[in-house]
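For reference, the structure is listed below as structure tokens.
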Amino acid sequence: CEMARRRFEPAAPKPYEFVPLPEGRIERKEPAGHAAYRDGTVSGVLRGVLVARTPIHVASGQLETTDDPRYPLVKAHVRSAGRPVVPGSSLKGCIRSIVEAITPSCVRITRARRDQLPRQVQGCSRKGELCLACRMFGSLGYQGLVHFSDAMLAEGDTEVSTAPPLYMPRSREGLYYRGGKVAGRKFYQHGRPAAGEVPLEVCPVGSRLEFTLHFDNLRPAELGVLLLALGQGEPRLYPKLGGAKPVCRGSVEVEVTGLEVFEDPRTAYAGYELKTAPVDVGRYLNAAKPVVLPEQLKQLASILRFQAERECPAENY
């Protein structure tokens with residue numbers, strides 16, 4: 001019978017891989033803070049667009065009715081002012097996870113026990129001693145230097161996409177560990193979305209969601225890492241965000257439509273006209289090279305390269 005056939009079929013390939021954790025000591029130091037603009041830092045505004053390469057679904061936690069008799073109820077996409085959005089917190093978390101993976105940064109959120117995490121990467125706990133990612137994006141008691149707006153759907157509307165049911169990861173399984181320690185940071189791959197029986201409200205392929213990113217007191221290397229995580233360097237990274245990532249939803253390409261870096265933020269913010277300098281993106285990407293972990297970047301790039309025809313699991317994997 002069909003049930004017996006499925007029981008003995010081999011499991012589908014895992015839709016994720018791990019990026020190794022950094023080895024050796026992680027530099028932790030006092031963040032630049034917000035009280036004053038520091039010499040040797042840059043501040044400014046980045047304007048960008050998330051382009052949906054596969055359907056995007058960020059759950060609102062609500063069910064909504066539709067006029068389609070096939071899908072009388074769907075899992076709703078989150079909205080703001082009536083428009084579908086990717087919340088700034090979701091976008092920030094997505095980009096932060098990339099920065100954490102490619103730099104000597106701590107493991108801030110994990111289900112692993114403390115003894116299963118190498119001591120040198122355990123989460124920052126002191127405000128005056130923060131790793132690179134915590135200095136940029138914040139930590140307990142510290143706001144951080146990078147602020148994302150919601151990414152709002154610029155035009156068009158949502159549609160319904162059906163996905164297979166998903167279940168909580170079995171995080172205690174051996175494949176998450178190597179020698180009793182966590183295997184690394186988990187990232188989902190891209191591919192062709194798998195169909196199923198769960199109706200989701202999504203921003204369809206080709207949707208454009210506009211956002212603004214403000215940054216203050218970043219070191220040039222930190223701005224370079226941020227641009228790299230946004231897919232503006234080489235190798236190019238295509239982030240994944242929102243729900244249903246294992247079945248290939250949430251693949252995005254980031255287009256930077258504007259980047260302003262203030263020459264002297266201390267005086268620029270005090271006047272009516274902000275003076276900006278021509279932006280050499282390559283300069284900041286080059287500045288990031290000493291703090292980027294080359295092997296981790298290579299591994300993450302192999303995971304986050306966009307593969308439109310890769311099969312995504314439609315059943316248990």
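The values are calculated or read from the model by the stated rules, or taken from the named source; none is laboratory data. The model shown is predicted, which means the values in this text are computed figures rather than measured ones. For neighbour counting, all protein chains shown are included, and Cβ atoms are generated from backbone atoms with ideal geometry for every residue, glycine included. Side chains included, ligands, DNA and RNA excluded: accessible areas come from the protein's heavy atoms. Shrake-Rupley method; radii C 1.70, N 1.55, O 1.52, S 1.80 Å.
Quick notes on this one:
- In segment 301-313, the residue that is nearest to GLU100 (Cα to Cα) out of those that are open to solvent by 60 Å² or more (accessible area, probe 1.4 Å) and in a loop (DSSP other than H, G, I, E, B) is ARG305.
- Scanning segment 25-65 for residues that are within 26 Å of GLY144 (Cα to Cα), in a loop (DSSP other than H, G, I, E, B), of a type outside the set (Phe, Trp, Tyr) and open to solvent by 40 Å² or more (accessible area, probe 1.4 Å) turns up ARG25, GLU27, ARG28, GLU30, HIS34, ALA35, ALA36, ARG38, ASP39, GLY40.
- For segment 141-158, a residue qualifies if it is at pLDDT below 95 and open to solvent by 60 Å² or more (accessible area, probe 1.4 Å), and the qualifying residues are GLY141, GLN143, GLU155, ASP157.
- Filter result for SER80 (touching an Asp or Glu at 6+ places or on another chain (Cβ under 8 Å) and polar (S, T, N, Q)): yes
- Among the residues of segment 66-93, those that are modelled with pLDDT of 90 or more and either part of a strand (DSSP E or B) or charged (D, E, K, R) (or both) comprise LEU73, VAL74, LYS75, ALA76, HIS77, ARG79, SER80, ARG83, PRO84, VAL85, VAL86, LYS92.
- Total residues in segment 110-139, condition under 18 Å from the mean Cα position of the chain (by Cα) and open to solvent by 30 Å² or more (accessible area, probe 1.4 Å): 1
- Per the conditions (1) open to solvent by 10 Å² or more (accessible area, probe 1.4 Å); (2) farther than 30 Å from ASP39 by Cβ, the sole criterion not satisfied by GLY250 is (1).
- Taken over segment 70-106, the criterion of being more than 25 Å from VAL160 (Cα to Cα), among the aliphatic types (A, V, I, L, M) and in contact with a strand residue (DSSP E or B) (Cβ under 7 Å, 6 or more places away or on another chain) is satisfied by ALA101 alone.
- Residue within segment 284-292 that is modelled with pLDDT of 95 or more, farther than 30 Å from VAL78 by Cα, among the basic types (Lys, Arg) and part of a helix (DSSP H, G or I) present: yes
- In segment 174-195, the residues that are open to solvent by 30 Å² or more (accessible area, probe 1.4 Å) and either outside any strand (DSSP E or B) or closer than 21 Å to SER251 by Cα (or both): GLY174, LEU175, TYR176, GLY179, GLY180, LYS186, TYR188, ARG192, PRO193, ALA195
- Filtered residue count, segment 79-111, keeping only those that are without any contact (Cβ under 8 Å) to a residue 40 or more places away in the chain and in contact with a Gly (Cβ under 9 Å, 6 or more places away or on another chain): 2
- Selection count where residues are of a type in the set (Lys, Arg) and within 24 Å of the chain's Cα centre (by Cα), scope segment 31-52: 1
- Pair list, Cβ < 9 Å and 6+ apart or interchain, from segment 174-187 residues that are farther than 12 Å from ALA112 by Cβ and touching a residue at least 60 places away in the same chain (Cβ under 8 Å) to residues that are open to solvent by less than 30 Å² (accessible area, probe 1.4 Å) and among the hydrophobic types (A, V, I, L, M, F, W, C): LEU175/ALA183; PHE187/VAL19; PHE187/ILE98; PHE187/ALA101; PHE187/LEU300; PHE187/ILE303; PHE187/LEU304
- Within segment 192-215, residues that are without any contact (Cβ under 8 Å) to a residue 60 or more places away in the chain have Cβ atoms under 8 Å from residues that are assigned to a loop (DSSP other than H, G, I, E, B) and surrounded by fewer than 22 Cβ atoms within 10 Å (Cβ to Cβ) in these pairs: GLU197/PRO164; GLU197/PRO165, counting only partners at least 6 apart in sequence or on another chain.
- LEU259 vs. criteria part of a strand (DSSP E or B) and either touching a strand residue (DSSP E or B) at 6+ places or on another chain (Cβ under 9 Å) or in contact (Cβ under 8 Å) with a residue 40 or more places away in the chain (or both): yes
- Here SER125 passes the criteria (1) touching a residue at least 24 places away in the same chain (Cβ under 8 Å); (2) of a type outside the set (D, E, K, R); (3) closer than 19 Å to LEU145 by Cα except the one numbered (1).
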